[in-house]
Every structure is written in C-alpha cells, then in structure tokens.
C-alpha cells in the first residue's frame with residue numbers, strides 16, 4: 001500500500017506492507033527525507049523540538065489510525081449482526097407458528113442455553129479455557145520463612161498455622 005506523509009510543503013510517499021512494523025516504516029520515511037530534503041533531515045537530526053514532536057505524533061497517529069479502523073470494523077460487524085437478528089425476529093413475529101419459525105425459535109433457545117452454560121463455565125472454571133502457570137515464591141511472614149503459592153484468581157486464602165495469623 002502507498003503511504004503519503006506530509007510536513008509543511010514536503011510530501012513523501014513510501015510503499016509499505018500492512019504487516020510492516022512502525023519502526024520499519026519510520027526508517028523508510030527517514031530515508032526518503034534524507035534523499036528529498038536534506039535541510040529537513042538536518043533539523044530532525046538536530047532534535048528540533050517542534051519537528052521531533054510532529055514526527056512522533058505522526059507515528060502515534062499511524063498507530064491510532066490502525067486501532068481506530070479495527071474498532072470501527074468491529075462496531076460495524078456488531079451492528080450488521082444485530083440488524084440481521086432484528087430482521088430474523090421480525091420474520092418470526094409475522095408467522096410464529098410456521099414450521100420454519102418454530103425451528104428457528106428452537107435453535108435460538110438452544111444457542112442461548114449453550115451461551116449461558118459457557119458463561120457459567122468460564123466463571124466457575126476459567127483454568128479450562130487457558131494455560132495455568134503456578135507461581136511459588138519464597139517469602140517471610142511474621143519472621144517465618146514460607147513458600148507462598150500465588151494465584152491471581154483465588155477465591156480464598158490458605159494460611160499455614162506456623163505463620164501465627166489464624167486468630
């Protein structure tokens with residue numbers, strides 16, 4: 001894809017891939033600046049604060065623009081799904097007792113139950129949905145050296161009686 005970068009009266013075009021890292025794109029742009037406008041390149045190298053802040057803002061803007069596009073696509077997908085569901089619901093309301101409508105209602109109930117069960121499973125047993133790493137640390141509690149097991153999702157705390165904290 002073609003990327004055009006502008007600063008004052010200077011415009012630079014570089015050919016980049018969508019998978020390119022920002023650092024690689026930055027290097028390409030800086031190389032083009034060196035070739036096309038040596039005085040601008042010198043001011044960049046001299047750490048001119050205004051130019052440098054514009055430069056970092058440009059790279060931040062490129063990153064933000066990508067994130068913004070991804071979020072916009074996600075919102076559009078959600079809106080399209082919701083619209084489709086609304087249209088299907090209207091169809092079902094027109095003739096709720098037809099065989100096709102009954103099958104769709106049954107499928108919607110089944111999918112709702114599956115989703116509900118999935119939410120319960122993720123709440124009650126999250127370790128089934130990802131990797132579990134056990135972390136033991138050596139620490140001192142009330143002048144007593146102990147090995148502690150760190151669990152970020154613990155529902156309760158287990159304490160050894162040697163720590164003298166069970167009052």
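Yes/no per residue for (1) outside any helix (DSSP H, G or I); (2) out of contact with any strand residue (DSSP E or B) (no Cβ under 6 Å at 6 or more places or on another chain):
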site: 83; (1), (2): no, yes
site: 91; (1), (2): no, yes
site: 97; (1), (2): yes, yes
site: 108; (1), (2): no, yes
site: 148; (1), (2): yes, no
site: 162; (1), (2): no, no
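Do the conditions hold for residue 123, that is, is it outside the structural domain of residue 151 (by TED's automatic domain parsing) and surrounded by 10 or more Cβ atoms within 10 Å (Cβ to Cβ)? Spell out how you get there, then give the answer.
Values: outside the structural domain of residue 151 (by TED's automatic domain parsing): yes; surrounded by 10 or more Cβ atoms within 10 Å (Cβ to Cβ): no.
No, not satisfied.
List pairs: first residue in the range 119-131 and under 15 Å from residue 151 (Cβ atoms), second residue modelled with pLDDT under 90 and part of a loop (DSSP other than H, G, I, E, B) anywhere in the structure, Cβ distance under 7 angstrom, at least six positions apart or on different chains.
126/153
The values are calculated or read from the model by the stated rules, or taken from the named source; none is laboratory data. Just so you know, these numbers come straight off a predicted model, no measurement behind them. Quick reminder, even Gly has a Cβ in these numbers, built from the backbone with ideal geometry, and neighbours come from all protein chains shown.
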